[in-house]
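The structure under discussion appears below in the form of structure tokens.
The values are calculated or read from the model by the stated rules, or taken from the named source; none is laboratory data. Worth saying up front: this structure is predicted, and the values here are computed from it rather than measured. When we count neighbours, we look across all protein chains shown, and the Cβ atoms used for this are built from the backbone with ideal geometry, even at glycine. With ligands, DNA and RNA removed, areas are computed over all heavy atoms of the protein, side chains included. Shrake-Rupley method; radii C 1.70, N 1.55, O 1.52, S 1.80 Å.
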There are 2 protein chains.
Amino acid sequence: MVKKILNNTISVDCVIFGFDFEKLNVLLVDRVLVDEKSGKELFTDLTLTGNHIFEDESLEDAAARILFDLTGLENIYLKQFGAFGDPERLLKPNDQAWLKASGRDPHSRILSVGYYSLLATEKVTLKWKGRNVKWYPVSEVSELAFDHIDIFQSALEALRRELLYEPIGFELLPEKFTLSQLQKLYEVVLGVELDKRNFRKKVSRMKYLIPLDEKQKGVAHKPARLYMFSREVYERTRKEVFDFNI
Amino acid sequence: MVKKILNNTISVDCVIFGFDFEKLNVLLVDRVLVDEKSGKELFTDLTLTGNHIFEDESLEDAAARILFDLTGLENIYLKQFGAFGDPERLLKPNDQAWLKASGRDPHSRILSVGYYSLLATEKVTLKWKGRNVKWYPVSEVSELAFDHIDIFQSALEALRRELLYEPIGFELLPEKFTLSQLQKLYEVVLGVELDKRNFRKKVSRMKYLIPLDEKQKGVAHKPARLYMFSREVYERTRKEVFDFNI
DNA sequence: CTGTTAAGTGTTAAAAAAACACTTTGATTT
DNA sequence: AAATCAAAGTGTTTTTTTAACACTTAACAG
């Protein structure tokens, strides 16, 4: 049975972040427009991973599906961070050519709902057959198709803000991780340097960060203790934040 | 010239908050369905203020227009807080009846982009002719048409979170206000009690809160000094927040 | 067994948060 | 004119949090 697509004016774009213990990366798709007659490449540029929504599907389900098709992973952290519907968002020449070539009305206005998702780069094998999907360091992303650079930047801001106040960093790490990896993650995402001793003092207050009786293996130096994040402890002990910085 | 409406599947809903120095209020519209033949009221319930989007209009412009039509005010604080597109969001019997009566396909799925806005109740004279628009205390909102209760709660959460970290409380106050009014605002929106002396100590550190050489008038007690918010000072002195609470 | 590399650890000073009660001022009432 | 009312305004102490800062330890590699 063929699923019916909701309509042509709403889509979902996913900004998929990955952390490789060194830097923050984002998944981007190579958009190649090939001339029908000559078979020659007219242009190539990069886009976020986006897609239509099926008729029976919620927005978040559509985002999860895109993510699954791309990585084979389920139950991944997903967060809606904005809706993008500017009348001018698809008017760049390349975008118009692309829309025409893919049989869409280039004058139609498409609203995109943005989701960002977090995963550890290492546990992913990319598998979007027939499309060129790759990790790119966030710091090197400069131009993207459509208004995707705005969507991307908005996602990054949303991620930074969220990371400051919620324990979502663990979503970017494997199940077991070291404190140095966690610290590096904060440093890379927020773009700051943190003091090792102060960082450890701070996280040691967080009961949902569980130290394991297990050590890193295969490293040529003193192996670090491994930790894991306990969602149960977090949910149980989370308290209201009344600390306001007007 | 008649403006063309973008399409039938995207709309904007505004959650308009107002503060009256005592409590937080929200603007709601009385939705009355009248039977065509008998002229009898079939039901009446409450909705948020929503509307379609014109073809040349950005989402935020549409939200600002709704706000202007309702209050006559321009340059009001507006913040997008979410997009709502669940397949089930318009399926309640009253909603279906309403959609049919207003000539819409009851099976079509409408995506709503939510904006919340902040204003001081006192400076508003409501003027949406022909429709019954009123302020309702936020604490008394229980049932709303469509999925508007979800949208409303999502707006309230977004407002609380924003208020904790950004100086947006001033948007809910008149230009000149007292510290007690500011404190009450925080207490009401966040649902906490704050210590007067500690509150004043805290805000006295904020350089963008400007004390005026002016006092409250017409009160039967010691009149309070008036303050105003300086956006310029805020923009100039705003610094990155590196304080993280994982 | 030596060198390399990152892990792990504690103290002190400064700043911020939390807890807490009385005096002052202007308008209103008697 | 004096008394009353109601909210404004004001400091100190304790506790908690932040910030700055350097050496020892453990495992592997050669």
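Whether any residue in the range A:146-156 is free of Cβ contacts under 8 Å to residues at least 60 places away in the same chain, open to solvent by 20 Å² or more (accessible area, probe 1.4 Å) and acidic (Asp, Glu) is what I want to check. No, the range A:146-156 has no match at all. Being modelled with pLDDT of 95 or more, under 24 Å from A:ILE66 (Cα atoms) and not charged (D, E, K, R): is that true of A:PHE152 here? When the stated conditions are applied, A:PHE152 passes them. Residue count for the range B:169-182, restricted to those that are within 11 Å of chain A (Cβ to nearest Cβ) and open to solvent by 10 Å² or more (accessible area, probe 1.4 Å): 1.
Going through the range B:183-198 one residue at a time, which ones are within 13 Å of DNA strand C (Cβ to nearest atom), surrounded by 18 or more Cβ atoms within 10 Å (Cβ to Cβ) and closer than 19 Å to B:PRO223 by Cα? The one that is within 13 Å of DNA strand C (Cβ to nearest atom), surrounded by 18 or more Cβ atoms within 10 Å (Cβ to Cβ) and closer than 19 Å to B:PRO223 by Cα: B:GLN183.
The set of residues in the range A:206-229 being within 11 Å of DNA strand D (Cβ to nearest atom) and without any contact (Cβ under 8 Å) to a residue 24 or more places away in the chain consists of A:LYS215, A:LYS217, A:GLY218, A:VAL219, A:ALA220, A:HIS221, A:LYS222, A:PRO223.
Looking only at the range A:205-226, filter to residues that are outside any loop (DSSP other than H, G, I, E, B) and away from chain B (no Cβ under 12 Å); which one of those is farthest from DNA strand C (Cβ to nearest atom)? Full working, then the answer.
Kept after step one, since they are outside any loop (DSSP other than H, G, I, E, B), are these residues of the range A:205-226: A:209-215, A:225-226.
Next, only the ones that are away from chain B (no Cβ under 12 Å) stay: A:210-215, A:225-226.
Numbers: A:ILE210: 14, A:PRO211: 9, A:LEU212: 10, A:ASP213: 11, A:GLU214: 10, A:LYS215: 7, A:ARG225: 3, A:LEU226: 8 Å.
Filtering the range A:205-226 for residues that are outside any loop (DSSP other than H, G, I, E, B) and away from chain B (no Cβ under 12 Å), the one farthest from DNA strand C (Cβ to nearest atom) comes out as A:ILE210.
Residues satisfying the criterion are present in the range B:114-135 (criterion: open to solvent by 20 Å² or more (accessible area, probe 1.4 Å) and either assigned by TED's automatic domain parsing to the domain that holds B:LYS196 or at pLDDT 90 or above (or both)). Tallying residues that are within 11 Å of A:CYS14 (Cα to Cα), in a helix (DSSP H, G or I) and open to solvent by 20 Å² or more (accessible area, probe 1.4 Å) within the range A:34-67 yields 3. Within the range B:68-86, the residues that satisfy the criterion of being open to solvent by 30 Å² or more (accessible area, probe 1.4 Å), over 19 Å from A:SER11 (Cα atoms) and touching a strand residue (DSSP E or B) at 6+ places or on another chain (Cβ under 9 Å) are B:ASP69, B:LEU73, B:ILE76, B:TYR77, B:LYS79.
Across the range B:87-102, which residue is nearest to B:LEU33 (Cα to Cα) among those that are assigned to a loop (DSSP other than H, G, I, E, B) and open to solvent by 70 Å² or more (accessible area, probe 1.4 Å)?
Per the stated criteria, the residue is B:LYS92.
Yes or no: B:SER108 within 25 Å of A:VAL12 (Cα to Cα) and either open to solvent by 50 Å² or more (accessible area, probe 1.4 Å) or in contact with a Gly (Cβ under 9 Å, 6 or more places away or on another chain) (or both)?
Values: within 25 Å of A:VAL12 (Cα to Cα): yes; either open to solvent by 50 Å² or more (accessible area, probe 1.4 Å) or in contact with a Gly (Cβ under 9 Å, 6 or more places away or on another chain) (or both): no.
No, not satisfied.
Conditions first: (1) closer than 30 Å to B:GLY85 by Cβ; (2) within 16 Å of DNA strand C (Cβ to nearest atom). B:ALA158 passes all but one, so which condition is the exception? Condition (2) is where B:ALA158 drops out.
One residue is enough: does the range B:222-238 have a residue meeting the conditions in contact with a Ser or Thr (Cβ under 8 Å, 6 or more places away or on another chain) and crowded, with 17+ Cβ neighbours inside 10 Å?
Taking the range B:222-238 as the starting set, the residues that turn out to be in contact with a Ser or Thr (Cβ under 8 Å, 6 or more places away or on another chain) are B:224-227.
In the following step, the residues that additionally are crowded, with 17+ Cβ neighbours inside 10 Å were identified as B:226-227.
Looking for residues that are in contact with a Ser or Thr (Cβ under 8 Å, 6 or more places away or on another chain) and crowded, with 17+ Cβ neighbours inside 10 Å, one finds at least one in the range B:222-238, hence yes.
Scanning the range B:33-88 for residues that are acidic (Asp, Glu), away from chain A (no Cβ under 14 Å) and without any contact (Cβ under 8 Å) to a residue 24 or more places away in the chain, we see that the one that is farthest from B:PRO106 (Cα to Cα) is B:GLU74.
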